[in-house]
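Have a look at the structure below, then the notes.
Bear in mind these aren't lab numbers, they're just calculated from the coordinates by the rules spelled out. Predicted, not measured: the structure shown is a model, and the values here were computed from it. Positions of Cβ are backbone-derived with ideal geometry, glycine not excepted, and every protein chain shown enters the neighbour counts.
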Amino acid sequence: GAGVSQSPSNKVTEKGKDVELRCDPISGHTALYWYRQSLGQGLEFLIYFQGNSAPDKSGLPSDRFSAERTGGSVSTLTIQRTQQEDSAVYLCASSLVGQGAKNIQYFGAGTRLSVL
Amino acid sequence: RKEVEQDPGPFNVPEGATVAFNCTYSNSASQSFFWYRQDCRKEPKLLMSVYSSGNEDGRFTAQLNRASQYISLLIRDSKLSDSATYLCVAADSWGKLQFGAGTQVVVTP
């Protein structure tokens, strides 16, 4: 499809398990972002990839969280040893350019993670 | 302090009325600004970019005040379908976006 694709759309896991969330950005978009949104809350920035630059990991809440972007396209967000407080919707977005007024982010539908 | 702050609302607006709300941003180096709209349990979608001179898109008007570091959104002739959470966004020169927590608007018949 033409939009940002995320999988799975829903994920239920047990506390302590690892999970991987996938994001397929819009083709050609150089920038990719991960956010987290808890119920009724705003978006919490997690990590930002821009071209070949080192990612901005300043938003990752703990060392249990990591993300990769292979080949400048698909990204995987990994959460190790999940905790109940990790339960949230994880949103991925991509944009065509990394700076300037045209940096419009297009969001995927998100992965709803539930940690039991 | 959050980089982008918004009144969470809700703003309860009769259908056909006008509603306006602001957000403030703390990073004076912010380069570009946007309003996004988020419907319940859906992903955010771009509503409009905000330009220095102010801009309109149909019933929506956005203003930017760099001196006071705030952005506003005005919705005229509100429709029931305008009910949503409106997210204020400020971006730095590297494209990193800071989202506000959102302002909820509820348009009532």
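Using all C-alpha to C-alpha distances in chain A, build P(r) with 10 Å bins and read off the rounded percent in each one.
Taking all Cα pairs of chain A, the binned fractions are 15, 49, 29, 6, 0 percent.
In segment B:17-45, which residues have a backbone nitrogen under 17 Å from the label point lying 7 Å from B:ASP77's Cα in the Cα-to-Cβ direction?
B:17-20
Placing unit charges on C-beta atoms (Lys and Arg positive, Asp and Glu negative, everything else neutral), compute the dipole magnitude of the protein assembly as shown about its Cα centre in debye, rounded to 20. Don't skip to the end; give the middle numbers.
On the way: 22 positive and 21 negative charges, 36 e Å.
Dipole size: approximately 180 debye.
Could you tell me the calculated FRET efficiency between B:ASP39 and B:TRP94, based on Cβ-Cβ distance and R0 = 35 angstrom, to the nearest 0.05?
On the way: r = 29 Å, r/R0 = 0.83.
Efficiency, from the Cβ-Cβ distance: 0.75.
What does the net charge come to around A:SER7 if you take all other residues with beta carbon closer than 10 Å to its beta carbon, with K and R at +1 and D and E at -1? Don't skip to the end; give the middle numbers.
Values: positive: A:LYS11, A:ARG22; negative: A:GLU20, A:ASP24.
Computed value for this residue: 0.
Within chain B, what is the longest stretch that has no trypsin sites (Lys or Arg not before Pro) placed in a DSSP loop and near at most 16 other beta-carbon atoms within 10 Å?
Numbers: sites that count: B:ARG1, B:LYS2, B:ARG41, B:LYS42, B:ARG59, B:ARG66, B:ARG76, B:LYS79.
Longest gap between qualifying sites, sites excluded: B:3-40.
With 10 angstrom as the radius, rank A:LEU91, B:LEU74 by how many other C-beta atoms surround their C-beta, starting from the fewest.
B:LEU74, A:LEU91
Near B:THR103, within a Cβ-to-Cβ distance under 11 Å, what is the net charge of the other residues, with Lys and Arg +1 and Asp and Glu -1?
Working: positive: B:ARG37; negative: B:GLU5, B:ASP7.
Surrounding charge for B:THR103 is -1.
What's the FRET efficiency of B:SER53 with A:LEU96 using the Cβ-Cβ distance as r and R₀ = 25 Å, to the nearest 0.05? Write out the running numbers ahead of the final one.
Details: r = 24 Å, r/R0 = 0.94.
Taking R0 as 25 Å, the efficiency between B:SER53 and A:LEU96 is 0.60.
What is the sum of charges, Lys and Arg at +1 and Asp and Glu at -1, for the other residues whose Cβ falls under 13 Å from the Cβ of B:ASN22?
-2
Which Cys residues of chain B have no other Cys Cβ less than 4.7 Å away and so no disulfide-compatible partner by this rule?
Lone cysteines by the Cβ rule: B:CYS40.
Give me the percent relative contact order of chain A, please, defined on Cα pairs under 8 angstrom at least 6 residues apart.
Details: 282 pairs, mean separation 43.6, N = 116.
Normalised by residue count, the contact order of chain A is 38 percent.
When a/c is below 1.5 the answer is rounded, else prolate if a/b is larger than b/c, else oblate, so apply that to segment B:20-65 with a ≥ b ≥ c taken from the square roots of the Cα gyration tensor eigenvalues. Write out the running numbers ahead of the final one.
Details: a/c = 2.05, a/b = 1.31, b/c = 1.56.
Oblate.
Between B:VAL105, B:THR85, A:SER58, whose Cα lies farthest towards the positive end of the dipole of the protein assembly as shown when Lys and Arg beta carbons carry +1 and Asp and Glu beta carbons carry -1, centred on the Cα centre?
Farthest towards the positive pole: A:SER58.
So which lysines can B:LYS96 reach, going by Cα to Cα under 16 Å and dropping same-chain residues fewer than 8 places off?
A:LYS57, A:LYS102, B:LYS2
Quick one: compute the contact order of chain B, relative version, from alpha carbon pairs under 8 angstrom and 6+ residues apart, as a percent.
Numbers: 272 pairs, mean separation 42.0, N = 109.
Taking the mean separation of contacting Cα pairs over the length of chain B, I get 39 percent.
Given Cα pairs under 8 Å that are at least 6 residues apart, what percent is the relative contact order of segment A:49-94?
Working: 27 pairs, mean separation 12.0, N = 46.
About 26 percent, as a whole number.
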